[in-house]
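The values are calculated or read from the model by the stated rules, or taken from the named source; none is laboratory data. Since the structure is predicted, the reported quantities are computational estimates derived from the model, not experimental observations. All Cβ positions, glycine included, derive from the backbone under ideal geometry; neighbour counts span all protein chains shown.
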Amino acid sequence: MGELSDGRQLFNLIKRINKSAVLEPIPGISHSELIMLENIISLAENNKRDGKTCGARISELSGLLKLTPSAVSQTVRKLEEKNLVVRTPCPKDRRTGYMIPLPRAYELAKQADLIRLKKLEKVTGLLGKEGTGQLIALLARLAEAMDGNRENPTHPERMN
């Protein structure tokens, strides 16, 4: 078997980091439920009208997470049972429902963020100031390249 390509090595590392970042258990909620909940909160915040949250639709979540609508519905149902979200019908089309995050959902998302931040603070201590600065610069370039926000992500002027 040959050596792994740079792209494959990068993919494997990102996958490993992603798993590590969310492995800390939060009592009462599974990893998949937490990911769904965080996405519901994000979409709900982006769908505000007149200062009120309109929520997130199953179709939006399905497209964003690359899951079937039935898989999304199943997880949303669990979140409803745990009193983290509530479904409300769309006033214009009662067949379409919105998932509105409840206050406890925001608390759990904040708790998850604090766990991740604590883990990253530990990492920055291990890397030191210079290593952390280099990592941040490289990850920023990676994020921009992956978002397609650059015409030439390896332009020499942007490498510093």
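Entry remark, the stretch 102-118: residues being in contact with a helix residue (DSSP H, G or I) (Cβ under 7 Å, 6 or more places away or on another chain) and at pLDDT below 90 number 2 in total. Note on the stretch 107-135: residues that are surrounded by 14 or more Cβ atoms within 10 Å (Cβ to Cβ), under 21 Å from LYS78 (Cβ atoms) and out of contact with any Asp or Glu (no Cβ under 6 Å at 6 or more places or on another chain) amount to 3. Can ILE136 be described as assigned to a strand (DSSP E or B) and either among the charged types (D, E, K, R) or modelled with pLDDT of 90 or more (or both)? The answer is no for ILE136.
Of all residues in the stretch 36-57, those satisfying the criterion of being under 12 Å from LEU79 (Cβ atoms), at pLDDT 90 or above and of a type in the set (A, V, I, L, M, F, W, C) are MET36, LEU37, ILE40, ILE41. Residue count for the stretch 62-80 satisfying the condition of being under 13 Å from SER32 (Cα atoms) and either in contact with a Gly (Cβ under 8 Å, 6 or more places away or on another chain) or among the hydrophobic types (A, V, I, L, M, F, W, C) (or both): 6.
If the condition is being over 17 Å from the mean Cα position of the chain (by Cα) and of a type in the set (Lys, Arg), then the stretch 97-117 contributes only ARG104.
Here is a yes/no grid of residues against (1) farther than 26 Å from PRO25 by Cβ; (2) under 20 Å from the mean Cα position of the chain (by Cα); (3) at pLDDT 95 or above:
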site: GLU80; (1), (2), (3): no, yes, yes
site: ALA140; (1), (2), (3): yes, yes, no
site: PRO153; (1), (2), (3): yes, no, no
site: MET159; (1), (2), (3): yes, no, no
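Every condition in (1) more than 18 Å from ILE41 (Cβ to Cβ); (2) modelled with pLDDT of 90 or more; (3) not in a helix (DSSP H, G or I) is met by THR124 except one, and the failing one is (3).
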